[in-house]
Structure formats: structure tokens, C-alpha cells
1. Among 313, 298, which is the only one that is touching a strand residue (DSSP E or B) at 6+ places or on another chain (Cβ under 7 Å) and either buried (at least 19 other Cβ atoms within 10 Å of the Cβ) or at pLDDT 80 or above (or both)?
2. Within region 71-93, how many residues are within 21 Å of residue 154 (Cα to Cα) and assigned to a strand (DSSP E or B)?
3. Just need a number here: residues in region 94-111 that are in a loop (DSSP other than H, G, I, E, B) and out of contact with any helix residue (DSSP H, G or I) (no Cβ under 9 Å at 6 or more places or on another chain).
4. Check off (1) under 27 Å from residue 60 (Cβ atoms); (2) crowded, with 17+ Cβ neighbours inside 10 Å; (3) in contact with a helix residue (DSSP H, G or I) (Cβ under 8 Å, 6 or more places away or on another chain) for residue 291 and give me the number that stays unchecked.
5. Tell me the residue from 331, 379, 366 that is in the same structural domain as residue 437 (by TED's automatic domain parsing), farther than 27 Å from residue 267 by Cα and either modelled with pLDDT under 95 or not in a loop (DSSP other than H, G, I, E, B) (or both), please.
6. Test of understanding: among 248, 255, which residue is touching a residue at least 12 places away in the same chain (Cβ under 8 Å) and buried (at least 19 other Cβ atoms within 10 Å of the Cβ)?
7. Quick one: residue 181 ticks every box in (1) under 25 Å from residue 63 (Cα atoms); (2) surrounded by 15 or more Cβ atoms within 10 Å (Cβ to Cβ); (3) within 21 Å of the chain's Cα centre (by Cα) except a single one, so which number is it?
């Protein structure tokens, strides 16, 4: 019997594919990281020109506006001692101890070690860090600010709380997987000083630096690939937060959270609400964003808050997309006769019979973009679990919304939200009972 010879083109293609994969793996494991770190210690610190106390004070400010304590502190635990679990689609990652304890913290870290972690996502011993620590954003932080952060962290009381192992599932918990992920999604920012652009005012450049770097806004507001990498060009397009049902709205679309004015953006960042004088234009920070304002952005210096607001203005295109429901959707939203009665019985006392709200207390629902977004996640969560703005210096006694989880069932929540989204000139699609059920279950699991 005559043997059938292999197709030479098939064999050549196979060998080429294997070679390409081998080169890609070698680059992921060694080449990319070696290239990234070629000049760790070559970047000047600039710390010598600043007194130690001033460096610590600046670091304290940067740590606060970067919300470092929120992720690196468990509820009721020692500050910055780690242990809070960061949810990802592949498992939880407990945050690390960043106090100056020499054994469990960063007490033995040098300025170069800390810069390597911030800028390159590599620990002191060389192992690759999980991007749950958002070095994909922190790579934009300057060496001077990195040194100031370290000076502040080294001034804290040490904690002997031991770090916990990652709870990522295999193979995502391996250094090999991280090497491949980094090769796909991570490239450090240039260490070279940036040339000032005459077309971009310094304030706006400062805002871009804070938003893209220490503020790490894209980590929540950015759309991600199935492997968890930020999609290029979609860094502020909006996304559901990994492991939770909360939707971080788009910063590029004024129908969601795109900046409508510099003043409103500043007020939201510094007080947690946009307009106390007008219910119709009042927006409130809730859920994860309330935590950002409470622990971080309310402490922004006035010039930094304005710089961020100016930069956010540049993200919104001239004609942002608007979410509109079809006539069929609107008809479905009005079909449940119980909906108006549910609203009158549970909502009208605060938000008004016509959804007009109360200035300084309860925002209007008519025209409220927070309840009209295509994804109803945040509105469902507010009804079920309550809505609470952060208590800030600019708004020390915010009004809140009680939870209706034990009062309204899933069908009721869907009905009342569908009523709100289709009344008083609102034109958003109906919310289904299944959507409410799925959001509630995900929040309970979280």
C-alpha cells in the first residue's frame, strides 16, 4: 500500500505557526518585560529638591485623591494593611499590605522598587503583579509623585498583617498567564518628559494626567475584552464593574455621565452632587462612585478639581449619542396598570407626582439621565438597596433613599422603573422582571 505524502504547504504553515507562537511566548516571558524595565533606575527621582516633610505631605494628598486606602484597607481593619478583595471575572485578588512593615509590607522597598511596581507592574522580588493593582493606569504617574507616595507610605505605622494568596482560578493565577496578558494589554508610559502642546492648555494637561494616572478612572469606566484588558479607544466608554452589577457610565456620552459643564463636574467630584439649587439638574454619586468621592475626590485641591473637569469636557464629542426607546418599548412600559399606583405610593412623596423632585433634597426623575441609561442596573440597585450620596464637607447631610428590597418584589421594581422611564417626557425602554432578578442576584453574590 502506497503511503500518502504530507502536503508540503500544510507542513510549512504548521512549522511557521509553531515558530510564531514560540517567539510570542518568549517575548511575553522575557523580551517584553526586559524591554519595559531597561531604565528603572535611570529615571531621576527629583526628591532631593524637596524637604522630607513636604514630600510626605504631598504623598498624603496623592494617596488620598488616588483612593489608595480604600482598596488597601479591609472594613474596620488597619489602614493600608491590605486584605480587601478586588473582584475580577476570574476570581478575587486580596490587596497587599503597603505599610512599612519590613516582613509583610514594603518596609524594605527602595524608591526604585516602588517605581517598578507603579510603572511596570513588577514587585520587588521581580514577580509580575496582577492588574487588579491598576498599574495599567499608574504607569502614567510621574517618578516624582511615585517617590512622594512612597515617602508617605513609609511614614505610616507598620502592620504585621500577612498578605493573602490570590484567589484567581487556574491558569489566571500563574505568572505565565500574566506574562501573556501583559504582552497583549500592557505597555508602560514613556519615561521621557512630555512636550507641552500649545494646543492643549496646562490645566487640561494636568487633568489628563490625574484622570489617566492616579485617578485610574478608566479602570472602572473602560470597556474590557473577554480577558479583562482595556479595549483601545474604549477607555471611557462605560462598563459594568467586574464582579458587580454596578454600571460605570460612559464619560464620553452626555446621555450617561459625560461632562455637561465644568462647574457640575467639579461639584460632583468635591461634594457628591451636582446642583443642590435645582432638582431638575441634580445628579448624585452613588454606589462605587460615592466611595470614590467620600474617600478621595472631595479632597481635591480646587485647581486639580478644575483641571479634571476641563479634561472631562474634552472627552465628549460635539454630538453625543442619545438613548431612545422605540414606540413598542414605550407602550410596553405603560402597559402595567399597577405601575402608576406603585410610583404614587412609594416615590411621589419625595420625587414629586410629575417626577419634578425637590431642590437640595431629591433629584428630579423627569429627564434624569441616571435612570434613563440603556442599562438600568444602577436604577434597579438604587430602588432595591437604597441610594445614598456621600457625606462631604460641601454636602455634610445628604438626603438618601430607603431600600425597597423587602417592600417591592422584582415585578414591582420592573413596573415602577418602567413607569419612570416612560413618563414626563422620558423615552427609555421598559425594565423587565428578569433584568431585575439578575441584577439582584449578582448584587447578593457580591
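1. Among 313, 298, only 298 is touching a strand residue (DSSP E or B) at 6+ places or on another chain (Cβ under 7 Å) and either buried (at least 19 other Cβ atoms within 10 Å of the Cβ) or at pLDDT 80 or above (or both).
2. 2
3. Of the residues in region 94-111, 7 are in a loop (DSSP other than H, G, I, E, B) and out of contact with any helix residue (DSSP H, G or I) (no Cβ under 9 Å at 6 or more places or on another chain).
4. (2)
5. That would be 331, the only listed residue that is in the same structural domain as residue 437 (by TED's automatic domain parsing), farther than 27 Å from residue 267 by Cα and either modelled with pLDDT under 95 or not in a loop (DSSP other than H, G, I, E, B) (or both).
6. None of the other options fit; the residue is 248.
7. Condition (1) is where residue 181 drops out.
Residue-wise test of (1) more than 23 Å from residue 305 (Cα to Cα); (2) exposed (fewer than 14 other Cβ atoms within 10 Å of the Cβ).
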site: 109; (1), (2): yes, no
site: 113; (1), (2): yes, no
site: 117; (1), (2): yes, no
site: 154; (1), (2): yes, no
site: 188; (1), (2): yes, no
site: 199; (1), (2): no, yes
site: 204; (1), (2): no, no
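The values are calculated or read from the model by the stated rules, or taken from the named source; none is laboratory data. On a predicted model such as this, the values are computed, not experimentally measured, just so you know. Glycine gets a Cβ as well: all are built from the backbone with ideal geometry, and neighbour counts include every protein chain shown.
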